[in-house]
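Taking it in order: structure first as structure tokens, then the write-up.
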Amino acid sequence: TPLAPMLSVRSDTFKIRAYGQSTHGDETVRAWCEAIVQRSPEYLDPSDEPTSTVDDLSPNGPNAVFGRRFQVISFRWLSSKEVL
């Protein structure tokens with residue numbers, strides 16, 4: 001069965017983990033966090049249709065520079081037990 005009539009710009013979901021550390025004197029503090037981020041088919045500037053290709057975009061416009069829209073779905077701080 002041909003897929004072409006059912007194809008659309010995709011949405012992707014990413015899990016991003018980050019780590020930070022700060023030392024002051026003899027004390028070291030560490031922190032971990034996790035964000036779930038989803039990329040949607042829509043461009044940042046809605047003046048371009050989601051089906052527009054990169055070649056159709058204005059070369060210096062916001063959609064060519066920044067691309068698709070992202071939304072933070074969730075954010076949480078992690079304990080050291082969750083990452084070690």
Given all pairs of different Cα atoms, what value in angstroms does the Kirkwood hydrodynamic radius of the chain take?
16.1
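Can you figure out the FRET efficiency of N60 with C33, using R₀ = 30 Å and their beta-carbon distance, to the nearest 0.05?
Approximately 0.35, to the nearest 0.05.
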When the accessible area of the chain is computed with all protein chains present and a 1.4 Å probe, what percentage of it is carbon and sulfur?
55
Simple spin-label estimate for V83/T23, 7 Å along Cα→Cβ, in nm, reads 1.7
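Which value, in Å², gives the accessible area per residue of the stretch 27-84 when a 1.4 Å probe is used on the protein heavy atoms?
In whole numbers, the stretch 27-84 has 73 Å² accessible per residue.
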Considering the chain as a Gaussian network with a 10 Å cut-off on Cα pairs, which listed residue, D48, D12, D56, attains the greatest mean-square fluctuation?
D56
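The values are calculated or read from the model by the stated rules, or taken from the named source; none is laboratory data. This is a predicted model, so every value here is computed, not measured. Neighbour counts run over all protein chains shown; Cβ positions are idealised from the backbone, glycine included. SASA here: full protein model, heavy atoms, side chains in, ligands and nucleic acids out. Shrake-Rupley method; radii C 1.70, N 1.55, O 1.52, S 1.80 Å.
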